[in-house]
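Engineer: Got a structure for you, written out below as structure tokens; questions coming shortly.
Laboratory data are not the source of any read-out in this text; all were calculated from the coordinates shown. Everything numeric here is computed off the predicted structure, so don't read it as measured data. Note: ideal-geometry Cβ built from the backbone for every residue, glycine included; neighbour counts use all protein chains shown.
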Amino acid sequence: MKKLIASLMLSSLMVAGATTMANAAPVRIAFLMYGNKAEFVQLMERYAKEHPAVKQGLAEVTLFDGRYDAAVQNDQGQMAVNSKYDAIIINPMDFEANIDVVTVANEAGIPIVVTNARLNTQDMLSEVVSDDVEGGYLEAKAVLEKLGCKGNVVIIEGPKGGSGEIERGRGNERAISECPEGAVKVLERKTANWSRAEALDLMQNWLTAHPKEIDGVIGQNDEMALGAIEAIKSAGYDVKDFAIAGIDGVTDALRAVKAGEMTSILQDARGQAQGSIDVAMKAVVGDDYKPMSDIWEQYKGKMEWNDGKTKRYDVPWTIVTPENVDALLKDRGY
Amino acid sequence: MQTGSRAGTNPLAMREYGIVFAFIGLCILVGALCQLKVVQGTWPQNAFLTVNNLLLILHQISVNGVLAVGMTFVIISGGIDLSVGSLLAFSGMMAASFATRSPGVTAWAGNYGAFIPIVVALAVGSASGALNGWIISRFKIQAFIATLGMLMAGRGFTMAVTNGNPISALGPEFRWFGTGKLFDAIPIPAVILGIVFLLAWIILNKTVFGRYVYAVGGNEKSARTSGINTKAILIWVYVLSGFLAGVAGVILTAKTGSAQTAAGTSYELDAIAAVVIGGASLSGGIGRLTGTFFGALIIGVMNNGLDILGVQSFYQLIIKGSLIVFAVILDPSRKLTA
Amino acid sequence: MPEPMLSMSHIKKSFGGVKALVDGNLDLEAGRIHALCGGNGAGKSTILSILMGFYKPDAGEIRLNGEPVQFHSPQQALAAGIAIVQQELSGIPHLTVAENIFLGEEPRRGAFVDFPKLYRQADALLSSLGFAIDPRARLDTLTVASQQLIEIAKALSRHDARIVIFDEPTSAIGEKDAERLFEVLRELAAAGKAIVYVTHRLAEIFQIADDYTVFQDGARVATGQVADINRERLIEMMIGGAIEGEFVKENAPTAEPVLELSGLGRAPWFEGVDLTLHAGEILGVYGLVGSGRTEMLDTIYGLETPDEGEIKVFGRPLPPGDVKAALATGLSYVTEDRKRTGLILSASVGSNLSLAHLRHLHSLGFVKRPAERALIDRAIAGMRIKTPSPAQLVRNLSGGNQQKVVFGRCTAGEPKILLLDEPTRGVDVGAKKEIYRFISNFARAGGAVLMVSSELDEIIGMSDRVLVIKQGRNVAELPRRAADQKSLMMAAL
């Protein structure tokens, strides 16, 4: 039924008018974001709105700002249930506290998809995430490869106790442990709370404590790696003498990659946002639904559609290098 | 009940010396702990006690220091300004939109050098501060509430500018204000802090306006009886605070090379902490800029020293929190206001 | 002679080298009201603080009913039956009368307040004291005088008080309420309690006290029965020498009008007030607390805007609600409550003195320090303010000197008309006389003074004419010779 309407709309191109037609109600999806201040979240929102199903009026995605508060997100989950949304996608703030949203959605029989960060439960319909342990492993590997598995590194961590910090940290350690015993020394590790400004101060202080000793910087996100780059510059060192990596692939990091200053591990906001919308649509529309985002084409062989039935979709990381950075920047309109 | 007569020493003077001693004590403590590492052979030299590290600390406290200068005026006037962190982000974002080489983040974005973005930031900060002051004095709303409103609204405006995106790729002229160095040694943000501090000190201590700020905070009714336009004084105090939030916005944005919507979150608390450690009374009428300067320095030395010594961040928070409370408990002149 | 209920003898106390008490003696007898007199710093506050257990004496002895006692804490003194009625109103406005009285000692049922019992207890206490106050009323709906009565009830509720100390209980209430308070004091005395009464209002001592003790420079200099002395003798004992008259009045009014009010009103405080003040004249304004006197001065000065009527200064209309304009035409205002509206307590003596004049003492916004310093020095000398230096914080001065700072600021700009509201409240006898001398000199030099006061002696002693205000209207005008206690009270009540 909905498929039929979809094709009608495609032919008529009257997207705006069509959404108001009787029986043409689009699938209503509540997209619960943990916050909206970070560039990565902004990217996810943008790609969600660019999903073909949304553009064609088949789906209507409403974004909620969780204001970095798990309790706020739980309230928003309850509200989405009460307002009878057809599906819920959550990018959770807290991997324990927000299990609540999954529980209420399941009780109401509303399909729920978890994206970007993980929840400590198996009760959701599906997860469309990137494995943070893998991301942490890849970025540390990039640093260590440049150092030839030898030297002193510092790790700038995410907020203590958060799943990002724990899992990326685990990946960092795995990569370090693959080097010969004692060849790589972690001089310092401390949180800068995902913030560039905090990382800038922290790295300046470390450079003071360990002048000319630090060889590599593992930033658990790009912003903090960029803060470290600013610190290195302000202390009068040459950034190119350091091996630096971060995670996420924010635009500034792509520029830094292009300048040869760091490596970034791109977390595919588009893959996560659009992938989870496809999985949610499939659950609502039924067997007739075919995935509309081209990410499934892009990741063929690495992440299969599998009729929307996979429990956990691992959206692959992309290591951003001077070779592929131009294409990525172009995709963002630069 | 009246207690016995008090000795003739000026307690404000004692308070000022007290904080200098606290600062020196802290430096000696951190310096000694670092020296211990040298003695133990883990460090080749004492990393804390160097000129470069001192300049680094000044660089690091520049943003908080500038905010705290404005906060000092506000607190002396008997108010509080919770909006400075948000206004920092808002003015920084507006400045960045006139200093970016990546067009399209906003409808007007472009790189106009340094002068225009800085003027924009200062204008945005001052105007928002004026709104704060007008609401407080016109509607007699508590400063806490009015600026709490601005804290939220200011963050909203910041996100509205670019729909929540950061603005980066800032021009080198603008970035010089965060990364440049005078004589190849003194960081420009530290120079800005010095200039701001000096001018503010002159305004607070040498001008009629400064004296009126003390009077309004000490007893608004007495000030009114003395023919002072207390409403105008309050508005100007918040304009000044907003203006300095604009200055801080320029420094932070130029320093990190990117205007972020989350920039400056909870910076108002660090600024208040510096002012309170510096000996100002939250009930108004009492406070010194020199105290605030050392208050900001103490916070800066602590952050720097604990990073250098490799102390975990949770202990850093515990130590900072304790210090604020102890500073007030140990304040010799506190009994006067009890 | 009967054994006194309380006897404090040869008490010594120093604070960091400053001797507050050298030879403190105090004897109280049951059933009598005992006035404790002395200027600020004479030591009366210190000896009372020792009695209440706030300070430990360095030497000396306290005997209660013949038994030596030592109080190490206020709790011990309370338990021994010594209660104080606080000078400052310290109630919690949004709680009821009963909740205020039993604050911290509420009858409980588990974790909950037993409200029925609380109100029963409060009702019983209030009616036993003869206070017609509803225990369920919220404190802020009561008059200041009733709130003061609540403070008394609170002090008496705690323990079986044998000694009750009243520290300036009438400073915030008017004559009529003071009468009510005195009745309560007499009833308490009749019930066998010893009452200590501290006040700066000498008339009250002769109205109510049985005995007196005078302190000067940390020692008792005189004690005896009030019936044996008169006002003049008491003042002489307090300042340690003979005085020639309590008041100073050497001015002569002229016929030249300087301030004219016609039909001035501001709802709901006052309406239709007419008065004319002449150069060289001291015009007293008498009225009960709440009669609209203070509001009238506020309005003349421009702190508030009138609803009706006109103010003329030197024949020219004064723009309403404009303090700066009032100051510019030569008006100056010494407000009622120096701590609340007069002084900046957190600031120095010097900054308080120069505050109203900085607008004339600057170039391009920068304060001209030498000029400011000269003004401050002139004011300190002119008012004879006792302060170690202009940098001293004004809160560390005595009440009398604080009041002189207010006067100094108000007159440094050489005003021609002084508005005074309770000019000597909380000021000791010595400083009072200096203030009277200043007022007299000011009027003698051609200035005009509009003085509001609820102290009848002061009004009668200083005024050339007296205007009586009642419920916001001027109801009577009496020339100096016709103004006596009785006629003023009659007009005001």
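Engineer: Based only on other Cβ atoms within 10 Å, what is the fewest-to-most ordering of A:ASP86, C:ASP134, A:ASP238?
Structural biologist: Sorted ascending by nearby Cβ count, the order is A:ASP238, C:ASP134, A:ASP86.
Engineer: With springs connecting C-alpha atoms under 10 Å apart, model chain B as a Gaussian network and identify which of B:ILE298, B:ILE80, B:ILE324 has the largest mean-square fluctuation.
Structural biologist: B:ILE324
Engineer: Assuming R0 = 60 Å, can you tell me the calculated FRET efficiency for the pair C:ARG444 and C:ILE92, based on Cβ-Cβ distance, to the nearest 0.05?
Structural biologist: The pair C:ARG444/C:ILE92 has a calculated efficiency of 0.80.
Engineer: Right, next: Starting from the Cα gyration tensor of the protein assembly as shown, take the square roots of the eigenvalues, sort them a ≥ b ≥ c, and report rounded, prolate or oblate (rounded when a/c is under 1.5, otherwise prolate if a/b is larger than b/c, else oblate).
Structural biologist: Prolate, because a/c is 1.5 or more and a/b exceeds b/c.
Engineer: Let me ask something additional. Apply the membrane-span-like helix rule to chain B: whole DSSP H runs, Cα extent along the own long axis of at least 18 Å, mean Kyte-Doolittle hydropathy at least 0.5. List the helices found.
Structural biologist: B:11-40, B:51-76, B:84-97, B:115-139, B:143-162, B:188-206, B:230-256, B:289-308, B:313-329
Engineer: Pick from A:GLU198, A:GLU139, A:GLU223: which residue has the top mean-square fluctuation in a GNM of chain A where Cα pairs under 10 Å get a spring?
Structural biologist: Highest fluctuation among the options: A:GLU198.
Engineer: I've got another one for you. Taking the Cβ-Cβ separation of C:ARG373 and B:LEU54 as r and a Förster radius of 45 Å, what is the calculated FRET efficiency to the nearest 0.05?
Structural biologist: Efficiency at R0 = 45 Å is approximately 0.75.
Engineer: Continuing with this model, one more query. Using a Cα-Cα cut-off of under 16 Å, which aspartates and glutamates could be cross-linked to A:LYS290, ignoring same-chain neighbours fewer than 8 residues away?
Structural biologist: A:ASP278, A:GLU304, A:ASP307
Engineer: Another question, then. Over 28 Å between C-alpha atoms is what I'm after, so list which of A:LYS190/A:LYS330; A:LYS141/B:LYS37; A:LYS190/B:LYS320; A:LYS49/A:LYS300 land there.
Structural biologist: In this structure, A:LYS190/A:LYS330; A:LYS141/B:LYS37 exceed 28 Å between Cα atoms.
Engineer: Exactly which trypsin sites (Lys or Arg not before Pro) in segment B:104-155 are in a DSSP loop and have at most 15 other Cβ atoms within 10 Å?
Structural biologist: In loop regions of segment B:104-155 (DSSP not H, G, I, E or B), the sparsely surrounded trypsin sites (Lys or Arg not before Pro) are B:LYS140.
Engineer: FRET efficiency for B:GLN142 and B:ILE24, Cβ-Cβ distance as r, R0 = 45 Å, nearest 0.05?
Structural biologist: It comes out at approximately 0.75.
Engineer: So how far, in whole Å, is the C-alpha centre of segment C:259-324 from the one of segment A:276-334?
Structural biologist: Rounded to whole Å, the Cα centres lie 81 Å apart.
Engineer: Something else now. Among B:ASN111, B:ASN64, B:ASN163, determine the one that fluctuates most according to a GNM of chain B built with springs between C-alpha atoms less than 10 Å apart.
Structural biologist: Of the options given, B:ASN163 has the highest mean-square fluctuation.
Engineer: Turning to a different aspect of this structure: Under 15 Å from the Cα of C:LYS416, which aspartates and glutamates turn up, not counting those fewer than eight places away in the same chain?
Structural biologist: The qualifying aspartates and glutamates are C:GLU256, C:GLU260, C:GLU281.
Engineer: Still on this model: Out of all DSSP beta bridges in chain C, what portion is antiparallel? Express it as a percent rounded to 5.
Structural biologist: Antiparallel: roughly 55 percent of the beta bridges in chain C.
Engineer: List the cysteines of the protein assembly as shown that have no other Cys Cβ closer than 4.7 Å: which are they?
Structural biologist: That list is B:CYS27, B:CYS34, C:CYS37, C:CYS410.
Engineer: Classify chain B as rounded, prolate or oblate from the Cα gyration tensor: take a ≥ b ≥ c as the square roots of its eigenvalues, call it rounded if a/c is under 1.5, otherwise prolate when a/b beats b/c and oblate if not.
Structural biologist: oblate
Engineer: Sticking with the crude label model, points 7 Å out along Cα→Cβ, report the distance from C:ALA79 to A:THR310 in nm, one decimal please.
Structural biologist: Computed distance between label sites C:ALA79 and A:THR310 equals 7.8 nm.
Engineer: Label points 7 Å out from Cα along the Cβ direction at C:GLU256 and B:ASN163: separation in nm?
Structural biologist: 7.7 nm
Engineer: Rounded if a/c is under 1.5, else prolate if a/b is larger than b/c, else oblate: which is segment A:132-266, with a ≥ b ≥ c the root eigenvalues of its Cα gyration tensor?
Structural biologist: Rounded shape, in that the Cα axes give a/c under 1.5.
Engineer: Tell me the net charge near C:LEU6. Cut-off is 9 Å between Cβ atoms, C:LEU6 excluded, with +1 for each Lys or Arg and -1 for each Asp or Glu.
Structural biologist: That works out to 0.
Engineer: List residues of segment A:60-88, by number, whose backbone nitrogen lies under 14 Å from a label position 7 Å along Cα→C-beta of A:ASN120.
Structural biologist: none
Engineer: Using +1 on the beta carbon of Lys and Arg, -1 on that of Asp and Glu, and nothing else charged, what's the dipole of segment B:198-278 about the Cα centre, debye to 20?
Structural biologist: 320 debye
Engineer: Right, next: Extending each Cα 7 Å along its Cβ direction at A:GLU323 and C:GLN471, get the distance between those two points in nm, one decimal.
Structural biologist: Simple spin-label model gives 9.9 nm for this pair.
Engineer: Loop by DSSP (not H, G, I, E, B), at most 11 other beta-carbon atoms within 10 Å: where is the longest site-free stretch of chain A for trypsin sites (Lys or Arg not before Pro)?
Structural biologist: A:85-211
Engineer: Order of C:SER354, B:SER283 from fewest to most other C-beta atoms within 10 Å?
Structural biologist: B:SER283, C:SER354
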